[in-house]
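Heads up: the structure comes next, in structure tokens.
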Amino acid sequence: MSESKVFLITGSATGLGRSVALKLAERGYSLSLVDFNEQAGQETLSLVLERGAQAVFIKADVSREEDVKNYVEQTVEAFGRIDYFVNNAGIMVPLRLLHEYELSEYDRVTGVNLKGAFLGLKYVIPVMLKNGGGRIVNTVSSNSFKPTAFNGLYSATKHGLAALTKSIGQDYQDLNIRAVGVAPNTMITNIAANAVTTMSEERFAKLAASTGPNIPATPEDIAEVVIFAATTGADMLNGTIVNCAGGEIFQ
Ligand SMILES: NC(=O)c1ccc[n+]([C@@H]2O[C@H](COP(=O)([O-])OP(=O)(O)OC[C@H]3O[C@@H](n4cnc5c(N)ncnc54)[C@H](O)[C@@H]3O)[C@@H](O)[C@H]2O)c1
């Protein structure tokens with residue numbers, strides 16, 4: 001069983017989750033890597049093992065309760081505890097006006113981004129309580145403050161996850177659980193690849209304008225914020241949403 005502190009990271013196959021995992025591997029943490037993309041997840045696993053981390057990869061669809069129960073159980077089996085939870089898996093669906101979305105798209109995006117995040121909290125928090133506490137980072141978005149154009153459904157999920165973060169910040173203060181929302185704006189990953197390809201040029205221009213003045217981030221930039229929010233910054237940032245838009249201000 002591992003002596004080092006244990007991070008559980010969902011959505012760790014690519015993008016931000018992978019970047020967080022690689023940095024933590026170099027800092028001596030044990031890692032439980034969760035994703036439904038098995039091939040890329042195994043690649044992340046190889047990369048963190050090369051860096052000397054103790055780690056497991058667990059295939060799971062975060063929107064399925066059985067899979068969530070299983071990734072929590074397998075993490076506890078591997079490491080005996082969960083100190084930090086990066087609740088990060090997320091998707092986007094093709095952007096459009098609200099009435100143009102299908103119910104199936106609503107179910108998909110809320111199923112992963114909100115239900116999936118809730119299920120993670122529902123099963124991870126009891127393990128943390130047993131250990132005397134824990135630290136949670138929920139990956140929210142600048143869409144938790146203000147929707148970008150044509151992004152109403154995704155934005156609803158990220159507003160919802162911000163609310164769950166604030167709620168944990170209030171309700172678990174005496175139980176030594178802390179939660180912080182980290183909110184990237186434009187982060188250079190593949191998440192939006194399928195979301196913008198079908199847009200007209202006119203809509204794309206409106207979307208670009210709606211992101212406001214900001215400095216685009218790499219996943220490595222945001223990973224530093226995630227790690228700070230989970231560790232050194234957790235007490236004072238508890239229950240807040242950290243705006244990582246690089247200059248865009250949301251009131
Ligand atoms: N890229 C941006 O501009 C941006 C901005 C704000 C917030 N975010 C948020 O950052 C987080 C990470 O996204 P990213 O930008 O690194 O994109 P990404 O697509 O590289 O990473 C998302 C990861 O989640 C995994 N995933 C998706 N659905 C899943 C499911 N049902 N079960 C298990 N794993 C699943 C994917 O396989 C992938 O590894 C997401 O929550 C996203 O909403 C991204």
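The values are calculated or read from the model by the stated rules, or taken from the named source; none is laboratory data. In this text the structure is predicted, and so the values were computed from the model without any measurement. Please note: Cβ atoms are built from the backbone with ideal geometry, for glycine as well, and neighbour counts cover all protein chains shown. These accessible areas exclude ligands, DNA and RNA; they are computed on the full protein's heavy atoms, side chains included. Shrake-Rupley method; radii C 1.70, N 1.55, O 1.52, S 1.80 Å.
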### Task
In whole Å, largest first, what are the principal axis extents of the Cα atoms in region 35-129?
48, 31, 19
### Query
Of the residues 227, 168, 191, which exhibits the maximal mean-square fluctuation in a Gaussian network model of the chain defined by a 10 Å Cα contact cut-off?
191
### Query
Per-residue ellipticity at 222 nm for the chain, helices alone: DSSP H runs ≥ 4 residues times -39500 (n - 2.57), over residue total, nearest 500 deg cm²/dmol?
-13500 deg cm²/dmol
### Message
With bins 5 Å wide starting at 0, give me the P(r) of region 102-209 over every alpha carbon pair, in whole percents.
### Response
2, 11, 18, 22, 17, 12, 8, 5, 3, 1, 0
#### Entry: Helix runs (DSSP H) in the chain reaching 27 Å along axis by Cα, Kyte-Doolittle at least -0.5
152-171
### Diffusion coefficient, µm² s⁻¹, Stokes-Einstein with Kirkwood Rh over alpha-carbon pairs of the chain at 25 °C and 0.890 mPa s
136
### Summary
Net charge near residue 143 (other residues with Cβ under 13 Å of its Cβ; Lys, Arg +1; Asp, Glu -1) is +1
### GluC sites (Glu not before Pro), loop per DSSP, at most 14 other Cβ atoms within 10 Å - longest free stretch of the chain
103-251
### Dipole magnitude (debye, nearest 20) for region 6-244, charges at Cβ of Lys, Arg, Asp, Glu
420
### Message
Need the C-alpha centroid separation for region 1-31 versus region 163-190, integer Å.
### Response
18
### Message
Tell me the carbon and sulfur percent of the accessible area for region 49-173, rounded to whole percent, probe radius 1.4 Å.
### Response
50
